[in-house]
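Participant: So that we are looking at the same thing, I have put the structure below in structure tokens.
Each value in this text was obtained by applying a stated rule to the coordinates, not by laboratory testing. Keep in mind it's a predicted model, so treat the numbers as computed, not measured. Cβ coordinates were reconstructed from backbone atoms using ideal geometry, including for glycine residues, and neighbour counts include every protein chain displayed.
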Amino acid sequence: MKIKGAIIGCGFFASNHLNAWKELKNVEIIAVCDLNVKKAKLFCNKFNISIYYTSVNEMIKNLDLDFVDVVTTMETHLDICKILSFYKMPTVLQKPFSDTLNNAKKIVNLYKKTRTPLMIHENFRWQTPIVTMKKLLKKYNLGSPMYSKISFRHCNPVGYTSQKYLYNLKEYLILDVGIHLYDLARFFMGEAKSVYTVNQNTNKKFIGETAFTSILKHTNKSISIVDASISSIKYPDCFAQTLITIECKKGSIILDYDYNITIHKNNRKYIINAKPKKYKWTTKPWEQIQESVINTHKHFISSLINHKIPDTNGEDNLKSLNIVFASYKSNTLNKEIKLK
Ligand code: NAD
Ligand code: 89V
């Protein structure tokens, strides 16, 4: 029997979630829910799903579901999670976890109290080039990391995504993209103990920051520079590739454009290509992000089936969100912020 799920939120990114769920043979999405009935109906038609709801409460009360996938924006997460945790409904929740650290903590506590599985859908660490890089670090035995640079610099991602709501956010790029990059810094370098960030507004269409540069100090004494911009003019523009350099005690590893990874060790270099796998529904420039959605779904389902705590569980993702809000504080106060 298939594992039965439902999707909440039928907007821009949810199409990728649905296409990706269809790649998992042991899962069936049996219903969708959106406050906007037109969007819910459109999704049903597009993905051949027969049941739709405009109320989360109604959907949970009426259906026998094994999990719910929430693909709505952050300010809706607390209210939706109050309902889902009340019904002990295993949940995978899109990033950013929540609009405040306090609300994210409230969500973690609700799921803890009701012993309900919760995973944040943090997909960047599931991109094929990034998964490959992690494996190569081990395979080539590069030793303890000392320095990393994690960079996402492109020209106007909103132009690609039609996520127009991003224009009006007081806090934009750190919450939208920084959250992924800080997660990668933790994934490769371990926990951070402080952050110093400088923000820029390089595009007046946006209220919030459109570029930021952060220095993270990690507890193991290594350092990361994390930066992003939506005003970096390059030809060709390689949205939405993340570039990563990691220097370790015994060598270095570099993820470059077009998913090329170079390892430097013992006066030699090795080049490996880590292109994402293509699917019928994946399209440039989104292919590596779309493929990572499948990998993230698989991690959620395997954690659920095997009663394991997922890597990006609520408590884990609080640490990335903590860096996000500490970054905003750092930019405002113009000083390094120690992470509690
Ligand atoms: P969107 O605004 O296009 O879609 C959100 C949908 O949720 C809307 O249709 C809205 O009506 C619906 N909704 C809101 N509250 C609801 C509720 N209580 N019940 C039912 N439906 C509700 O947003 P989007 O661009 O699809 O983004 C959704 C999330 O995905 C955001 O948090 C965004 O950051 C994230 N995202 C992630 C990636 C990634 O690579 N990880 C990429 C793009 C977007
Ligand atoms: O992750 C996101 O929400 C997207 C993008 C991939 C552009 O960062 O906005």
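Participant: Along the charge dipole of the range 1-147, Cβ charges K/R +1 and D/E -1, which of CYS44, LEU78, PHE67 sits furthest on the positive end?
Facilitator: Ranked along the dipole, the leading option is PHE67.
Participant: Given 10 Å bins starting at zero, what is the percent of C-alpha pairs of the range 194-340 in each, up to the one with the largest pair distance?
Facilitator: Values per bin, smallest distances first: 9, 24, 36, 27, 4.
Participant: Sticking with this structure for a sec: Suppose R0 equals 41 Å; then what is the FRET efficiency for LYS113 and LEU42 from their Cβ-Cβ distance, rounded to the nearest 0.05?
Facilitator: So, using R0 = 41 Å, E works out to roughly 0.65.
Participant: Which whole-Hz couplings ³J(HN,Hα) result when phi for each residue of the range 16-21 is put into the Karplus expression 6.51 cos²θ - 1.76 cosθ + 1.60, θ = phi - 60°, listed in order with x for Gly and Pro?
Facilitator: In residue order, the calculated couplings are 5, 4, 5, 4, 5, 4 Hz.
Participant: Using only Cα atoms, find the angle between the long axis of helix 37-47 and the longest principal axis of the chain, and express it within 0 to 90 degrees, rounded to the nearest 10.
Facilitator: Value to nearest ten degrees: 80.
Participant: If you don't mind, another one. Hey, got the Cα dimensions of the range 168-213 along the principal axes, in Å, largest first?
Facilitator: 36, 17, 13
Participant: For n ≥ 4 DSSP H runs only, could you compute -39500 (n - 2.57) per run for the chain, divide by its residues and tell me the 222 nm figure to the nearest 500?
Facilitator: Value at 222 nm, helices only, nearest 500: -10500 deg cm²/dmol.
Participant: Using +1 on the beta carbon of Lys and Arg, -1 on that of Asp and Glu, and nothing else charged, what's the dipole of the range 125-164 about the Cα centre, debye to 20? Before the final figure, lay out each step's value.
Facilitator: Details: 8 positive and 0 negative charges, 23 e Å.
The dipole magnitude comes to about 120 debye.
Participant: Related question: Could you list, in their original order, any pairs among LYS149/LYS329; LYS41/LYS112; LYS88/LYS280; LYS25/LYS280; LYS61/LYS82; LYS275/LYS298 whose Cα atoms are separated by more than 24 Å? List each step's numbers first, then the result.
Facilitator: Values: LYS149/LYS329 22 Å; LYS41/LYS112 34 Å; LYS88/LYS280 35 Å; LYS25/LYS280 16 Å; LYS61/LYS82 14 Å; LYS275/LYS298 19 Å.
Pairs exceeding 24 Å: LYS41/LYS112; LYS88/LYS280.
Participant: Which value, to two decimals, describes the C-alpha radius of gyration of the range 181-278 once divided by 2.2 N^0.38 Å?
Facilitator: 1.25
Participant: Shifting gears a bit: Relative to the longest principal axis of the C-alpha atoms of the chain, give the angle of the C-alpha long axis of helix 128-139, reported between 0 and 90° and rounded to the nearest 10°.
Facilitator: Orientation of helix 128-139: about 50 degrees from the principal axis.
Participant: Hey, what does the equivalent ellipsoid look like for the range 257-340, semi-axes from the Cα gyration tensor as sqrt of 5 times each eigenvalue, largest first, whole Å?
Facilitator: 30, 24, 16
Participant: Please arrange ILE246, ILE223 by counting, for each residue, the other beta carbons lying within 10 Å of its beta carbon, fewest first. Walk me through the numbers on the way to the answer.
Facilitator: Numbers: ILE246 23, ILE223 17.
With the fewest neighbours first, ILE246, ILE223 line up as ILE223, ILE246.
Participant: Rounded to a whole number of µm²/s, how large is the Stokes-Einstein D of the chain at 37 °C and 0.692 mPa s, given Rh as the Kirkwood radius over C-alpha pairs?
Facilitator: Here the translational diffusion coefficient equals 159 µm²/s.
Participant: Charges at C-beta only: +1 for Lys and Arg, -1 for Asp and Glu. How large is the resulting dipole of the range 150-232 about its Cα centre, in Debye rounded to 20?
Facilitator: With Lys and Arg at +1 and Asp and Glu at -1, about 100 debye.
Participant: Then there's this: Ranking ILE301, ILE49 by Cβ neighbours within 10 Å, fewest first, what do you get?
Facilitator: In increasing order of surrounding Cβ atoms, one gets ILE49, ILE301.
Participant: In whole Å, how far is the Cα centre of the range 1-56 from that of the range 238-261?
Facilitator: Going from one Cα centre to the other spans 35 Å.
Participant: How big is the dipole moment of the chain about its Cα centre under a simple scheme where the beta carbon of each Lys and Arg is +1, that of each Asp and Glu is -1, and everything else is neutral? Debye, nearest 20, please.
Facilitator: The dipole magnitude comes to about 800 debye.
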